[in-house]
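For reference, the structure is listed below as structure tokens.
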Amino acid sequence: MQEPITVDLKTTNRQLFDFVMRTPLWFFNASGALSLILAVGLGIVVGTLWVGLQIFGYSHPVYWAFLIVNFVFWIGISHAGVMISAILRLTQAEWRRPVTRAAEILTVFSLMTAMLHPVIHSGRAWRTLYWAFPYDFMRGMWPNPRSPLVWDPSAIFTYLTSTILFIYVALLPDLAMARDRAPDVVRRFAYSVLSMGFRGTTRQWRIQGVAGILLSALILPIFVSVHSIVSWDFAVTGVPGWHNTVFAPYFVIGAVHSGVSAVVTIMIILRYVFKLQNFITRDHIDALARLLIAVATTWFFFLMLDFMFGLYGTESVEVDTWQRRLFTGAWSTLAIIFILCAFVIPVPMWLFRRVRRSFFLMFLTTILVNIGMWIERFMLIVPGLERKSNLTFQYSTFTPTFWEIAIVLSMLALPAIGLLTFAKVFPIMPAADIREGQVVATTLRIGRANVPATMRE
Amino acid sequence: MVKPEHAAFGLSLRPPFRPSAVHVNRRHLAVAALGLLGIVGVVTYAMRLFGAWGDRHAWAYPAAMMMVLLSSVATAPLLAFASRATRGYWGLPARRAAELFIIPSLLVYALLIPVLATLPPLQGRANLWFNFGGGAPFVPEALAMAVFLLTGLALLWVSAVPDVAPPPSELRLLPAWKRALYLNWSGTRRQWQALRAAIKVLGAFYLMLYVFVQMILSTDIGQSLLPGWRSGVFPVYCAVSGIQSGLAVTVITIALLKKYSALGRFIGDEQAVSIGKIMLGTTLMWIYNFWSDFMLVWYARLPGEVAAIQVLVAIVYKASFLVALFGMFLIPFVGLIFNPVRRRLMRLRWIAVSILVGLVFDRIRLFVPSMTSADPFGHYEGGPLPGPVWPNAVDVLFILGWIALVALAYLWAASRVPMLVGWEMREAALLRREAPFVRGHVLILGKPD
């Protein structure tokens, strides 16, 4: 890294714990505004429980639309945390340090957001209990283990549990630091309990380090399995355009593409909101952009595979679905927007160092990617369903209603509130990890040049 | 005994470090045996070429062998690219050993042309070319493979120039074409910048071309010939298992280098630790890609797809599949999760051998049934499954002969170009230092931008 953190350890502590220990006025304004947006969304959800799903634009045979698209989208975003944190931790990438915590937290709250959607989509939320959980033994009714209604909750809950555990283990030293700095008894007590007696002994550091590495390795298969299972929700059906064996890796890489882009967006927002200019530097954004070039290119290759193997068998329904997606009416416009936003505009831009190191342009391009990726999920799901039936008089189209659009937009507030609340209670950057990075950062003198270097055991 | 890292440190004190090429003794028993087998390989190839041109059944095992070579020796150079792209010191002593596999990869072309000549016309069978014209699939595939191999050659040459180019005083005396061949190398700052950029770009192109070539070849001589087989993840499966095998080939090579060559003093267990991790990753990717394919077919139960799985996995080539499963997944997975195996090069090589054995059987089960398919046209319409086609004596001699040819080509390459990237080793020696820290020592790694 060319831009090492220049502040001393004391200033690092103060800046990273400042928001945890003091509450500025804007926090109340921001959380109030976000809560209001979320309340609107929840109001609509309550409305659907009252009047049913008729307020949405469903018409036979299209019964999966915005809510399922949003489910897949938020599951995708949740892949950022593990991708960034676990892989970079295992590969000992130094630039990971300020990035990991926010990415992990984004995982948790986007997973929670994702989980809400199938429940809302079911129309009768309470019924999901006996589709997914074996709650009533007396009736002898069991969930069908061959149904995605069982796969999804199993995968998502496993992922959520392991992510929380992962975050907690990484958080322990920071909790101990918060305990030592807590201004009142209540918070000191809470942080004492949460930090589980972490005092920073050699043994505790060693165990914490090993646990972090082990969890990083264990969580990777879970992370891959979650989006694979989500992809199989679609691929195991006979809907045109869905039955493709490439779906699992295609969904995973698509999730990583949108997730890492979301992390960049969040990092840039955090940098300005929490004044973290000393910790999130142009180098971090540059490194993430380089990663995104590789991820986006791989994703594009999988997109091409999906397209080519859709047409490969020359089966008329598959060809028709792709024709519809790419060349028919509004779908063709959406296809152009999607491919421009998700690949054609951002990737060539990221090839330029000046763009990679510009916070504004990176913010803009990563937002574009996520707009594109949302449309991609929409285009994967709906056109196939519109031609699901064999008979032409059973064909239909889907038009979203105001209520669906409102739910999708209001759900953006949920992870935002989650992140804000988390940042209020815990440091949003791994303070201990950043301090370690400051200690191991050094320079090597070679001839007349000073080369940035790092210490390794 | 000096540790490999310390042997490398010593290079920074020796300004003109230029590694030498490996001396190959032609009278050595192993080399003579390879030569003999190589002759057998050439003879069996000639027999097929002149006696069975255009006969798809006769070229089934050579086609499988071609896919083995494409998925092992041709992918080895990707390790050099990965190590450079991640600026990983771990890959340094293995980079050139991996890149040299470009030379035996050229043999793939000798197999590609007769195999392509056996393919039936595209009309009436599933394919990726969609009325593309332009002589598809023959011309584009031959062209793509040629560009892929030429990119590899360029990559090898560019990375070798600082090691093999004569000093500027001697370079000036050479004829113009030789000076051009050595890129007029005098080691100016501008030349170094251009060289680094060229290595990065060529490496990235090599990777992309590899994936593309795998995609078109695995489809055209694989699933396109077996009605009912339609798998979007299959090209990815082939590409990833190829990378896994490329790593295996490199591990075996550097293990041999460590054991039998003077340059082995630069190779340590640091390489094993990192390559072992990537191997574990690709091993998991193997089962993931396989499962993504198998699970969907198993769940959807479409007759054509089920028949394909019965041929490739469950019934007809079950034995080959089981060897592949053990060789490419179970043995490497169980071995590589243990640190004592992953962290010792001499143990890791046995895992690499297992992967390569698995690869041979895997490519046989995937490509022999396609090449011997009775009717590659149309859609699957039921009927009995075809029987397995096992290799005859000529096929076995062909396979052994071509393995020997690959080894001979590699030895020839190693006798011309040094097996160690001297300039990168020396640079890395400058960027790595040991320093005292608290009560112990730490390694300081410089990471220039």
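Quick look at the values:
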read-out	value
For segment A:42-81 versus segment B:227-247, the gap between their alpha-carbon centres in whole angstrom	36 Å
Principal-axis tilt of helix A:25-51 within chain A, Cα atoms, nearest 10 degrees	20 degrees
Segment B:229-341, relative contact order [Cα under 8 Å, separation at least 6], %	33 percent
GNM flexibility winner over chain B from B:Arg343, B:Arg230, B:Arg433 (Cα, springs under 10 Å)	B:Arg433
Cα-based convex hull, segment A:372-455, per residue volume (Å³, whole number)	223 Å³
Convex hull volume per residue in cubic angstrom - Cα atoms of chain B	173 Å³
Globularity ratio of the protein assembly as shown, using Cα Rg and 2.2 N^0.38 Å	0.99
Backbone HN-Hα couplings from phi across segment B:62-68 [Karplus 6.51/-1.76/1.60, Hz, Gly and Pro as x]	x, 5, 4, 5, 4, 5, 5
10 °C / 1.306 mPa s Stokes-Einstein diffusion coefficient of segment A:343-403, Kirkwood radius on C-alpha pairs, µm²/s	111 µm²/s
Value at 222 nm in deg cm²/dmol, rounded to 500, when DSSP H runs of n ≥ 4 in chain B each add -39,500 (n - 2.57)	-20500 deg cm²/dmol
Computed log₁₀ I(q)/I(0) - Debye formula, equal Cα scatterers, no solvent, chain A, q 0.06 Å⁻¹	-0.29
Kirkwood-based shape ratio for segment B:239-388, expressed as Rg/Rh from alpha carbons	1.09
A:Ile446 long-range amide H proximity, modeled H, under 5 Å	A:Val451
Order of A:Asp8, B:Asp269 - criterion: other Cβ atoms within 10 Å of each residue's Cβ, fewest first	A:Asp8, B:Asp269
Equivalent ellipsoid semi-axes, segment B:93-221, via Cα gyration tensor eigenvalues times 5, rooted, Å	38, 14, 13
Whole-Hz ³J(HN,Hα) from phi, Karplus 6.51 cos²θ - 1.76 cosθ + 1.60, for segment A:204-210, glycine and proline x	4, 5, 5, 5, 4, x, 5
Loop chymotrypsin sites (Phe, Trp or Tyr not before Pro), segment A:352-448 (other Cβ atoms within 10 Å of the site Cβ: 12 or fewer; DSSP)	A:Phe352
Chain A: relative contact order as a whole-number percent, Cα under 8 Å and 6+ apart	29 percent
Mean separation of Cα contacts under 8 Å, 6 or more apart, over the residue count of chain B: relative contact order %	31 percent
Cα pair count fraction exceeding 21 Å, expressed as % - segment B:282-368	35 percent
Nearest 10 degrees, 0 to 90: helix A:185-194 Cα axis against chain A principal axis	70 degrees
Ranked list, fewest to most other Cβ atoms within 10 Å of each Cβ, for A:Met21, A:Met349, B:Met419	A:Met21, A:Met349, B:Met419
Inter-part distance where segment A:195-258 and segment B:282-340 are each reduced to a Cα centre, Å	21 Å
Filtered chymotrypsin sites (Phe, Trp or Tyr not before Pro), segment A:74-176: DSSP coil and at most 16 other beta carbons within 10 Å	A:Tyr135
For q = 0.14, 0.18 Å⁻¹, Debye-computed log10 I/I(0) when each Cα of segment B:318-449 counts as one equal scatterer	-0.97, -1.17
Mean Cβ neighbour count within 10 Å, used as a protection proxy, ranking B:238-246, A:30-38, B:345-353 highest first	B:238-246, B:345-353, A:30-38
Base-10 log of normalised Debye intensity for segment B:86-125 (one unit scatterer per alpha-carbon) at q = 0.19, 0.20, 0.34 Å⁻¹	-0.69, -0.71, -1.03
Overall dimensions of segment A:2-89 as given by Cα atoms, namely Rg and Dmax in Å	21.4, 63
Calculated P(r) of segment A:204-258 - Cα pairs past 17 Å, %	50 percent
Largest-first ellipsoid semi-axes for segment A:1-154, taking √(5λ) over the Cα gyration tensor eigenvalues, angstrom	40, 22, 15
Exposure proxy order (Cβ contacts within 10 Å, fewest to most) of A:His79, B:His23	B:His23, A:His79
Among B:142-155, B:80-93, A:42-55, the order from most to least packed when residues are scored by Cβ within 10 Å on average	B:80-93, B:142-155, A:42-55
Value of D in µm² per second that Stokes-Einstein yields for segment A:139-244, Kirkwood Rh from Cα pairs, at 37 °C (0.692 mPa s)	194 µm²/s
Segment A:302-384: GluC sites (Glu not before Pro) in DSSP loop, at most 13 other beta carbons within 10 Å	none
Two-decimal Rg/Rh across segment B:180-219, once Rg and the Kirkwood Rh are taken from alpha-carbon atoms	1.25
Solution diffusion estimate, µm²/s, Stokes-Einstein, segment B:232-283, Kirkwood Rh from C-alpha pairs, 4 °C, viscosity 1.567 mPa s	108 µm²/s
Residue of B:Met65, B:Met295, B:Met215 that the Gaussian network model of chain B assigns the largest fluctuation, springs spanning Cα pairs under 10 Å	B:Met295
Quotient of Cα Rg and 2.2 N^0.38 Å for segment A:293-372, N being how many residues it contains	1.30
Separation of alpha-carbon centers, segment B:87-162 and segment A:346-380, rounded to whole Å	32 Å
Partner chain coverage, peptide A:437-445 - average Cβ within 10 angstrom	3
Karplus 3J(HN,Hα) series, Hz, for segment B:401-412 with 6.51 cos²θ - 1.76 cosθ + 1.60 (x for Gly, Pro)	x, 6, 5, 5, 4, 4, 4, 5, 4, 5, 4, 4
Other protein chain Cβ atoms within 10 Å, averaged over every residue that makes up B:435-445	4
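No value in this document is a laboratory result; all are computed from the given coordinates. Since we're looking at a predicted model, the values are computed, not measured. All Cβ positions, even for glycine, are placed from backbone atoms using ideal geometry, and neighbour counts span all protein chains on display.
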